[in-house]
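The values are calculated or read from the model by the stated rules, or taken from the named source; none is laboratory data. These numbers come from a predicted model, not from an experiment. Neighbour counts run over all protein chains shown; Cβ positions are idealised from the backbone, glycine included.
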């Protein structure tokens, strides 16, 4: 008769049995705790809250010296062995994939005891303890291992040399978790660890091979020196064992081998650069997407690390139908959030630089798909969808055709402006910045969806990255927009908000605010009035900010803003002049001279353009302004730049000088 | 219609077969691999003594694994879980799909025995949290619970859950998971070889008429027909 009883002791009852003086009761209680928590995150949490971990850790500590040799087979020693095995297993399970559990185990002081028990004569004890330690080292919370200490390196070597899989696996886990710096990587190499790992690659069991691949990748990361020492003098041989494993029968091994090869490729320009290996890696990773488990979830991330920033690989991947395959997987639906996020980011990398990839992706009618992802319940997926959208909207052809300025995309995107996660907000703003650069007459859709008002709200956010990205989007939105739209933006923003943003503590915010003004006043003379609103708040803010610009970009945007103002009427030009000269009072040099002498030719160009507008001969006040500029030494400074290496600077300088000669000046 | 297929006579075929050299050690390894993977401990032991073939896995571990498999097949799921955790606590901790399947089997056994209240309590306490963690688990849970709705379970849409085949399915999954955790392949090689034989014959059928094997149990060559 099958027994399927559910009569379990309550957790609190179990914990009290743990304190029993009778070893057999203790063992049974430990085993029961272990069996209740394995695989069951909810139970782990509830036992944790009841203080189970310190209780079990205490038992481990008390029993640590009870098993001293392997020969006794009596009841007492069996109980002692079982107590150690079950308590270690329970601690290991608390730590398995559960950070709160790892923290509890560490806080309970079990870590040093577990390390000590690795030397225990009983095999089962060592096995259980090694496994528990391995679980701890899979977590970010694991204690940092100091490889640079001789004793520690020796201990690590002894672990790797062990015949027991769990023990050598522990050695590999420690490396994978703790090895971070180039110094540590070199120390591991010098101690012969790489040779040991390589032998596990070739002769070890499945789990040893996998663990080695992960450790090798950790040691190789960003370290071309160690890689070349490993791969040559016997050029190609150790690498060929990793390449072989990329074709292994087990998907996890294939993935880990590919990841190791990618680390090598990315760190060192000498290895794995031929088209054969590139194509192979692409095909293997694309095929791994079919794996239904964790391997398939991680495959797109490995794919991204292979192709990111590398046009040649993106082209090869396009030819291998990567976009179709990635698209196919998203369409299947009910994806694990990690996998969903990974595929979206892979598509982002594919479309980041190449128009051919974007065209291919857009040809698959993906707007609805992206809209779904934008409204996913998982924040990582939403952010990834925005990031993907940002890359895709770099397609000028489609932007110009107004392909993206439609409600399917704009409505969910605007909703993300209010997302609880800052990174989602920033990603949404990034995508928006591209979409609003729309050359059709459909920008009003964005206003209708409430997008413009939301952007202004976000410009007041506590997060500086949100403020600067919101301003970026607004800047793009008003770029060559019609007057009505610009007036709408300005009245929503208000002069006081804009001027305070120009004076924001963050340089990136200042820069975007100035660029926004530049775009607002550009094009129509009536718009220039914006900067004079409320007693010239904005103009004043520009002047003050230019005086203390902390980086060139701020100066550039500010000068172009002034340049646009100076393209207006007499009143406008005089106002700019006053600004340039008011600041000279207590300083021996106007910021104009400073900018003209800058190494940044963009800054010089912007400044000279402003002077061009101020001295343009058709305006009556030009001679007077020219006189002032000459007296301030600005004209002679400009004369010095007549042969500037930058063409833009040179041409504008000659315009100024040409204009000044029209007034009979030399 | 004239056939463009090549004809290979039995004589010629048998001559070619004889020219293929297969080592006795390799066939022995195949047999041992089958016995070990499927869990026939005693047969494996006897075979080892008779042929001198070394099993690629410790025979003691087979006994443990078979105990687990048997417990599932008999519906003693709680016992099976305890045994798996004794063998290797990592298996169920890192395999949510398998763990859920076992818990689901426990629920099925409770329902089978008419312990309705216990079943509901178990579903609520143990399985509902799994359902929260994973959408597909939730759907499976709902399917299983719906067994309680039907009076005549032999006719209900989810009746197959009560079938013995469900236990066997779970038992096979468990066996595979334990084998994998022991770094052993979960499928024996012999069936794959036979599949390859049939596939190769299918491929060759397009190009030639030759003595083929139609009955795998006796591997008798049947004369080619035109």
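Miscellaneous remarks
- Scan of region B:48-58 for residues that are surrounded by 15 or more Cβ atoms within 10 Å (Cβ to Cβ) and within 14 Å of another protein chain (Cβ to nearest Cβ), ordered by number: B:57
- Any hit, region A:565-579, residues being without any contact (Cβ under 8 Å) to a residue 24 or more places away in the chain and at positive phi: no
- Applying the criterion of being part of a helix (DSSP H, G or I) and within 14 Å of chain B (Cβ to nearest Cβ) to the residues of region A:316-345, the residue that is surrounded by the fewest Cβ atoms within 10 Å (Cβ to Cβ) is A:332.
- Selection count where residues are part of a helix (DSSP H, G or I) and within 23 Å of residue A:335 (Cα to Cα), scope region A:271-306: 20
- When each of A:508, A:499, A:491 is tested for being within 27 Å of the chain's Cα centre (by Cα) and assigned to a helix (DSSP H, G or I), the lone residue that passes is A:508.
- Being touching a residue at least 40 places away in the same chain (Cβ under 8 Å) and under 17 Å from residue A:19 (Cα atoms) is a property that does not hold for residue A:50.
- Only one entry in A:146, A:65 is within 33 Å of the chain's Cα centre (by Cα) and either exposed (fewer than 15 other Cβ atoms within 10 Å of the Cβ) or at positive phi (or both), namely A:146.
- Flag set for residue B:180, criterion: touching a helix residue (DSSP H, G or I) at 6+ places or on another chain (Cβ under 9 Å), assigned to a helix (DSSP H, G or I), within 30 Å of residue B:109 (Cβ to Cβ) and modelled with pLDDT under 90.
- All told, residue A:277 falls short of being surrounded by 19 or more Cβ atoms within 10 Å (Cβ to Cβ) and outside the structural domain of residue A:398 (by TED's automatic domain parsing).
- All positions within region B:113-122 that are more than 8 Å from every other protein chain (Cβ to nearest Cβ) and surrounded by fewer than 20 Cβ atoms within 10 Å (Cβ to Cβ): B:114, B:116, B:117, B:120
- Test: residue in region B:131-139 that is touching a helix residue (DSSP H, G or I) at 6+ places or on another chain (Cβ under 6 Å), more than 11 Å from chain A (Cβ to nearest Cβ), at pLDDT below 95 and surrounded by fewer than 17 Cβ atoms within 10 Å (Cβ to Cβ): yes
- Highlighted here are the helices (runs of 4 or more DSSP H) found entirely within region B:59-112 that include at least 3 residues which are under 23 Å from residue A:93 (Cα atoms) and more than 8 Å from chain A (Cβ to nearest Cβ): B:59-73, B:77-87, B:96-112.
- Residue that is without any contact (Cβ under 8 Å) to a residue 60 or more places away in the chain, surrounded by fewer than 17 Cβ atoms within 10 Å (Cβ to Cβ) and more than 35 Å from the chain's Cα centre (by Cα), where the choices are B:12, B:45: B:12
- The set of residues in region A:288-309 that are farther than 18 Å from residue A:388 by Cβ and surrounded by 14 or more Cβ atoms within 10 Å (Cβ to Cβ) comprises A:288, A:291, A:294, A:295, A:296, A:298.
- Enumeration of residues in region A:106-124 that are within 14 Å of chain B (Cβ to nearest Cβ) and either surrounded by 23 or more Cβ atoms within 10 Å (Cβ to Cβ) or closer than 22 Å to residue A:19 by Cα (or both): none
- Filtering region A:126-144 to residues that are in a helix (DSSP H, G or I) and within 14 Å of chain B (Cβ to nearest Cβ) leaves A:127, A:128, A:129, A:130, A:131, A:132, A:133, A:134, A:135, A:136, A:137.
- Top-ranked residue of region A:10-50 - restricted to ones that are within 14 Å of another protein chain (Cβ to nearest Cβ) and part of a loop (DSSP other than H, G, I, E, B), ranked as modelled with the highest pLDDT: A:38
- When we screen A:184, A:180, A:163 for residues that are farther than 16 Å from residue A:135 by Cβ, within 14 Å of another protein chain (Cβ to nearest Cβ) and free of Cβ contacts under 8 Å to residues at least 40 places away in the same chain, the only hit is A:163.
- Condition met for residue B:125 (within 12 Å of chain A (Cβ to nearest Cβ) and part of a helix (DSSP H, G or I)): yes
- Hey, residue A:242 more than 14 Å from every other protein chain (Cβ to nearest Cβ) and either at pLDDT 95 or above or not in a helix (DSSP H, G or I) (or both) or not: no
- Region A:190-233: number of residues that are in a helix (DSSP H, G or I) and closer than 18 Å to residue A:169 by Cα: 25
- Flag for residue A:102 being within 33 Å of the chain's Cα centre (by Cα), in the same structural domain as residue A:49 (by TED's automatic domain parsing) and more than 22 Å from residue A:227 (Cβ to Cβ): yes
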